[in-house]
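Everything on this sheet refers to the single structure shown next.
The values are calculated or read from the model by the stated rules, or taken from the named source; none is laboratory data. Because the structure is a prediction, the values reported are computed rather than measured. Cβ sites come from the backbone with ideal geometry, for glycine too, and all protein chains shown count toward neighbours.
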Protein chains: 2
Amino acid sequence: MFKDILERIVSHCSGGVGAVLMGYDGIGIEQYSAEENLLDLNLVGIEYSNVTKEIRNAAEVLKVGELEEVAIKTERYYVIIHSLTEEYFVALMLERTGNYGQGRYLLMREAPELRQALV
Amino acid sequence: MFKDILERIVSHCSGGVGAVLMGYDGIGIEQYSAEENLLDLNLVGIEYSNVTKEIRNAAEVLKVGELEEVAIKTERYYVIIHSLTEEYFVALMLERTGNYGQGRYLLMREAPELRQALV
């Protein structure tokens, strides 16, 4: 069920490489990779759960409200992290030639269904 | 000189709240606030330099290339972090009603001049 939603996000996103559903504690629930994916999605999830924890701490110190989304652009990939609940987030990896705006939109569109399935 | 560039970024960006030029070590170089700014920009810089350090570590572990940009959306603000050199970055804070795409563009447009002034 989770896998279907993740697959929908990755396959509908131009340049989509993979997606992970993950706890902020670094424990992955589900992941989906496009065939040509060369990234270790589990490692991606673990690394970015650390990052996201750090950002949530910063947001608390700065009193800027709850974290909703993080987008990271590196030389080779985009990673878009969308917060789902207090405990879980979904992250989408895209090629740099992929459609970043589309990725953000797809995560936003599928978030309610993921949230519902997590309860 | 730095201040002029930061002012240009903030004032040309719809919803721009402030900008900081900062080292990844948490030492600020310059900052500019729009009048109505209620955020402590120095604290913003320090908190996000920690975040950015964590992201650079993740990028190194994952071998996804150098960090170029981070965008963080919280309940109340957008923060866009644009990497300038090995040691420095510029961060722009925007209201949630502000123009996020415009902010990204302005940072990209002014980055070469900031980079040049840093040498």
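Brief remarks on what is shown
- Selected residue (criterion: surrounded by the most Cβ atoms within 10 Å (Cβ to Cβ)) from residues of the stretch B:1-51 that are closer than 18 Å to residue A:58 by Cβ and of a type in the set (S, T, N, Q): B:49
- Output for the stretch B:36-55, where each listed residue is facing chain A (nearest Cβ under 9 Å), farther than 18 Å from residue A:45 by Cβ and among the charged types (D, E, K, R): B:40, B:47, B:53
- The residues in the stretch B:62-119 that are touching a strand residue (DSSP E or B) at 6+ places or on another chain (Cβ under 7 Å) and hydroxyl-bearing (Ser, Thr, Tyr) can be counted, and the count is 6.
Here is a yes/no grid of residues against (1) at pLDDT below 90; (2) β-branched (Val, Ile, Thr):
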{"site": "B:43", "(1), (2)": "yes, no"}
{"site": "B:47", "(1), (2)": "yes, no"}
{"site": "B:50", "(1), (2)": "yes, no"}
{"site": "B:55", "(1), (2)": "no, yes"}
{"site": "B:66", "(1), (2)": "no, no"}
{"site": "B:76", "(1), (2)": "no, no"}
{"site": "B:79", "(1), (2)": "no, yes"}
{"site": "B:84", "(1), (2)": "no, no"}
{"site": "B:91", "(1), (2)": "no, no"}
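- Exactly one residue among A:74, A:97 is touching an Asp or Glu at 6+ places or on another chain (Cβ under 8 Å) and of a type in the set (S, T, N, Q), and that residue is A:74.
- Filter result for residue A:66 (charged (D, E, K, R) and in contact with a Ser or Thr (Cβ under 8 Å, 6 or more places away or on another chain)): yes
- Checking the stretch B:58-73 against the condition returns no match, with no residue being more than 9 Å from chain A (Cβ to nearest Cβ) and under 13 Å from the mean Cα position of the chain (by Cα).
- Residues of the stretch A:16-43 satisfying the condition of being touching a residue at least 40 places away in the same chain (Cβ under 8 Å), under 14 Å from residue A:93 (Cβ atoms) and in contact with a helix residue (DSSP H, G or I) (Cβ under 8 Å, 6 or more places away or on another chain): A:16, A:17, A:18, A:19, A:20, A:21, A:22, A:39
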